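Just so you know, all these numbers are worked out from the coordinates, no wet-lab data involved. Computed from a predicted model, the values in this text were never measured in an experiment. Positions of Cβ are backbone-derived with ideal geometry, glycine not excepted, and every protein chain shown enters the neighbour counts.
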Number of protein chains: 2
Amino acid sequence: MARPTPLSGFPEWLPNGRIIENHVLETVRRTFELHGFAGIETRAVEPVSQLLKKGETSKEIYLLSRLQDEAAAHRDSDSKRLGLHFDLTVPFARYVVENAGHLAFPFKRYQIQKVWRGERPQDGRFREFMQADIDVVGQGSLPYHYEVELPLIMAEALTALRPIGLPPVKVLVNNRKVAEGFYVGLGLFDPQEVLRSIDKLDKIGETAVSELLQQKAGASSEQAAACIELAAISGADESVIDQIRALAAKFDANNDLLATGLVELQQLIAAASVRAPGVVVADLKIARGLDYYTGSVYETVLVGHEDLGSICSGGRYDTLASDGKQTYPGVGLSIGITRLVSRLINADLTTTTRSVPTVVVVAVCDEAHRERSNEVAVALRARGIAAETSPDAAKFGKQIRYADRRGIPYVWFPATDGSGADEVKDIRSGDQVRAVATEWVPAAEDLVPRVVAAQPS
Amino acid sequence: MARPTPLSGFPEWLPNGRIIENHVLETVRRTFELHGFAGIETRAVEPVSQLLKKGETSKEIYLLSRLQDEAAAHRDSDSKRLGLHFDLTVPFARYVVENAGHLAFPFKRYQIQKVWRGERPQDGRFREFMQADIDVVGQGSLPYHYEVELPLIMAEALTALRPIGLPPVKVLVNNRKVAEGFYVGLGLFDPQEVLRSIDKLDKIGETAVSELLQQKAGASSEQAAACIELAAISGADESVIDQIRALAAKFDANNDLLATGLVELQQLIAAASVRAPGVVVADLKIARGLDYYTGSVYETVLVGHEDLGSICSGGRYDTLASDGKQTYPGVGLSIGITRLVSRLINADLTTTTRSVPTVVVVAVCDEAHRERSNEVAVALRARGIAAETSPDAAKFGKQIRYADRRGIPYVWFPATDGSGADEVKDIRSGDQVRAVATEWVPAAEDLVPRVVAAQPS
């Protein structure tokens, strides 16, 4: 084969990058499990008819066809065609409905898998990427307090990555009931349309959004100004609630939906200011593109890396999963693992102490004594010390270079004279000492490759 | 949505099944890392032109197309079209060539990912399934001893699963040089064609294979009989080598290739009989369908579950990866994780002590005291004890049922009178004791869900 070129939007890491990614995955998984979330995986494919129902991402679906079927000019009907999932929420909703009889509700699950979107790749935007999701779904109903807990769990998971160089995060929250209640109170009865325009504030600015609101959502210039004023409100404490109340009073926009939304948002801000001070910020311009959110919505930025976009988003949804008789309301968030890891790697925020798991290379004096070296490696592994036997019986200098090129800290020299007088060398310091394979232990910090911040934070 | 139906060939597990799968994955990963293999992941897609080059599985490729492109009646040229990978060896070979300048050789990697094949699903045969591969590749050359080590590492990984109910395994080995040398020595100069016929022995029997050899490989009936006689040889000790030598002498089929193959096979059997007695068996009928193998080939059966087919296969390949100047010979094996896990689950070989990570449910007396319960959960998690707060302030009986339905062993009752006199109940025994959230520890065997053999083995 000729030297292949990378495919844009399909990132792959070298072994040390994968060690960083694995550390991130293990950290978030550990946090999710400590909070009682059960792990599941769903298949990569869903019927296209299902994928097409769920909001605007659907236009970026990758469809599947079998090479053989194509040759036979045969094509499945649309209801049977399969596409790759573009998120983990839609497959999860299907899994819940399909397996409802076997699950205990409220059902808390995490799911860490790749998803695919046929978009134009950009910095931090990929065609294949890994997501780590948590969701709680109830059967028929779901208490509001989960809308408070879940973003705090994500903040905890992301904060646990600070030691490896991840910048601090800010979780931005809003509540659809607040926004929609306010719009309806103003007299704008297509709140989805208002949200879609407000969602463009960062991209096109206030003037253009005001025009859009007047053209598309039937707003007067005064109503448009009120919507834009609401979106400008943000803050980490409960004074935000007072500001919204004052604005609603000014425009005489109060109603029950707004009142409910304000109670919810207040509860979230109050709890967050106790459990994760400064991390959660109410931001009334957060809209989220997906149509299925009905309560709290969340986005998360890395402080100093806002250009990357949101690295953890989600919200409350009441009608995504339903089997016709029961609905399964839920709330969930999704970490963009690939986006986050690509920044850790490409901005040199994080590094590893070596690129392989091996702690010890066992040297081979000559091929006739390879089995003696294998025995040393077996004895080390039996006590959890990753060890490999040298690929060949080259000069010791070359065998040491084999270790050095991989960052492996120790080389073991087995005695081949029957004396059992083995020695082990720390190739960083050059120190070489007598050692017994059934007893020797490496320095604790050498046992596995460590993932560390590249710069002092 | 109406109640969805499962897609055949795309298995999904309930949470306890996923716990079993995760245990299997962690066990094999741990073994791979102890032996110094570095983990990587490759993208799910490859250019179709690359996939089509690699042997007979290629006819089962799933092709990708973008929904939008299809609407626009636009199609990429064949060289640009993407397909889902059908194994992890072909993408790995591409990864090695693409990143050769950044890798240290011999390069030892493991890779645990899903693959897709558009085949007809059967018991143990899926359209989407997980594989766990190890491979070693050299630059220009690769010592033979890796062909001895790798199947022993797989045997070690699979044997580490015996405590959860996996039956013993037998690794069946053959060497293409032996088979091809013998055929050429007989005067049959299309050894690939002979192998393809021999590969059908189990399916169609000796008589039909003899006819096939005469029709397709130009064999006389005596040559066909010799090939079938060779395929019948099997055994776990070096007497196998003597049998092959005797057969070659009888048919005057000796040559250098056969001699080299016999030395290699003998070395493998000798090492295996020391390091994993009884596990590795020479079986001269093992052919492996893929064309790219050039030395040792391996298949693995679960004893008592031979109907499942091979659960771990692979071999030595010399020409799979090449950039035109350098070749990267390799040897690798792949565990069919989904096949193995599906048998553990469906044959009730393995079970879990519970279906969620949670150790403790913290009860909520009334919603006004939820924060008090949250504090208990935070204190428990801080010491690594998975805890969740009850979903609602229902009667304690109902909150205990919440734990019981999920197999969660403990329920915590926080004092709400300021006394700090919390109590924790083991809901299996009914024992309830005073406890402090910053000190209490569960029984060690309750800390995480355990994966155990369902039946005494």
Worksheet item: Between copies, how far does the label point of B:ASP291 sit from its twins, in nm, shortest first, when each point is 7 Å from Cα along Cα→Cβ?
Response: 5.0
Response to the item:
Ranking A:ALA272, A:LEU247, A:PHE189 by how far each Cα lies towards the positive end of the charge dipole of segment A:169-302 (+1 on Lys and Arg Cβ, -1 on Asp and Glu Cβ), the top one is A:ALA272
Worksheet entry | Of the trypsin sites (Lys or Arg not before Pro) in segment B:138-202, those whose Cβ has at most 16 other Cβ within 10 Å and which sit in DSSP loop | B:LYS200
Worksheet item: Counting DSSP beta bridges with both partners in chain B, what percentage is antiparallel, nearest 5?
Response: 80
Practice prompt. Quick one: dipole size for chain B, taken about the Cα centre, charges +1 on Lys/Arg Cβ and -1 on Asp/Glu Cβ, in debye to the nearest 20.
Written response: 820
Worksheet item: Given H placed on each backbone N at 1.01 Å, which residues far from A:VAL364 in sequence or on other chains put an amide H within less than 5 Å of it?
Response: A:SER390
Worksheet entry | Charge dipole (the protein assembly as shown, unit charges on Cβ, about Cα centre) - positive-most of A:GLN113, B:GLY9, B:THR31 | B:GLY9
Worksheet item: With axes computed from alpha carbons, what is the tilt in degrees of helix B:15-34 against the longest principal axis of chain B, rounded to the nearest 10 within 0 to 90?
Response: 60
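Based on the Cβ-Cβ distance from B:ALA270 to A:LYS395, what FRET efficiency comes out when R0 is 25 Å, to the nearest 0.05? Numbers along the way, then the final one.
Numbers: r = 28 Å, r/R0 = 1.10.
Given R0 = 25 Å and the Cβ-Cβ separation, E is 0.35.
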Worksheet item: In sequence order, what are the phi-derived ³J(HN,Hα) couplings for segment B:420-432 according to the Karplus relation 6.51 cos²θ - 1.76 cosθ + 1.60 with θ = phi - 60°, rounded to whole Hz, with x for glycine and proline?
Response: x, 7, 5, 9, 10, 10, 7, 6, 7, 8, x, 4, 10
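If you place +1 on the Cβ of every Lys and Arg, -1 on the Cβ of every Asp and Glu, and leave all else neutral, what size is the dipole of the protein assembly as shown about its Cα centre, to the nearest 20 Debye?
Once rounded to the nearest 20, the dipole reads 440 debye.
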Worksheet, complete the sentence: In degrees, nearest 10, the alpha-carbon axis of helix B:145-159 is tilted away from the dominant principal axis of the alpha carbons of chain B by 40
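Using a Förster radius of 25 Å, what is the FRET efficiency between A:ASP426 and B:SER141 based on their Cβ-Cβ separation? Nearest 0.05, please.
Calculated value: 0.25.
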Discussion item. Quick check for me: using +1 on Lys/Arg Cβ and -1 on Asp/Glu Cβ, what's the dipole size of segment B:360-453 about its Cα centre, in debye to the nearest 20?
Written reply: 340
Discussion item. Ignoring everything except DSSP H segments at least 4 long, calculate the 222 nm mean residue ellipticity for chain A; use -39,500 (n - 2.57) per segment, divide by total residues, nearest 500.
Written reply: -11500 deg cm²/dmol
Worksheet entry | Additional length obtainable on full extension of the chain from A:ALA246 to A:ALA382, 0.36 nm per residue less Cα span | 42.1 nm
Discussion item. Quick check on my link table: of A:LYS170/A:LYS250; A:LYS80/A:LYS114; B:LYS53/B:LYS108, which ones sit more than 26 Å apart, alpha carbon to alpha carbon?
Written reply: A:LYS170/A:LYS250
Worksheet item: Given R₀ = 56 Å, FRET efficiency for A:ASN346-A:ASP417 by Cβ-Cβ distance, to 0.05?
Response: 0.60
Worksheet item: In segment B:385-456, which trypsin sites (Lys or Arg not before Pro) are in a loop and have at most 13 other Cβ atoms within 10 Å, using DSSP for the loop call?
Response: B:LYS395, B:ARG428
Fill in: Positive minus negative residues near A:ASN174 (Lys, Arg vs Asp, Glu; Cβ under 12 Å)
-1
Worksheet item: Which distances, in nm and shortest first, link the B:HIS369 label point to the same label point in every other copy, taking 7 Å along Cα→Cβ?
Response: 7.1
Fill in: Degrees separating the helix A:176-186 axis from the principal Cα axis of chain A, which is the longest one
20
Response to the item:
Per DSSP loop assignment and a cutoff of at most 16 other beta carbons within 10 Å, chain B keeps its longest run without exposed GluC sites (Glu not before Pro) at B:239-438
Response to the item:
homo-copy label distances at B:ARG428 (7 angstrom along Cα-Cβ), nm, one dp, ascending, are 4.3
Worksheet item: Once the protein assembly as shown is represented by equal point scatterers at the alpha-carbon sites, with solvent omitted, what log10 I(q)/I(0) does the Debye formula produce at q = 0.09 Å⁻¹?
Response: -1.03
Discussion item. Net charge within 9 Å of A:ASP199 by Cβ-Cβ distance, Lys/Arg positive one each and Asp/Glu negative one each, not counting A:ASP199 itself?
Written reply: +4
Worksheet item: For A:ARG450 and A:LYS80 in one chain, what is 0.36 nm times their gap in residues minus the Cα-Cα distance, to one decimal in nm?
Response: 128.5 nm
Worksheet item: Using bins 5 angstrom wide from zero, how does P(r) for segment B:193-236 break down, in % of all Cα pairs?
Response: 5, 28, 38, 19, 7, 3, 1
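Over all residues in B:349-358, what is the mean tally of Cβ atoms on other chains that come within 10 Å of each residue's Cβ? Intermediate values should be presented prior to the final figure.
Numbers: counts 0, 0, 0, 0, 0, 1, 4, 9, 12, 7.
Average per residue, whole number: 3.
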Worksheet item: Roughly what % of DSSP beta bridges within segment B:360-453 run antiparallel, to the nearest 5?
Response: 55
Worksheet item: With each label point set 7 Å from Cα along the Cα-Cβ vector, what nm distance links A:GLN122 and A:THR207?
Response: 2.2
Worksheet item: So what is the relative contact order of segment A:169-302, in percent, for Cα pairs below 8 Å that sit 6 or more residues apart?
Response: 49
Worksheet item: Once both labels are modelled 7 Å past Cα along the beta-carbon direction, what's the A:VAL433-B:ALA259 spacing in nm?
Response: 5.1
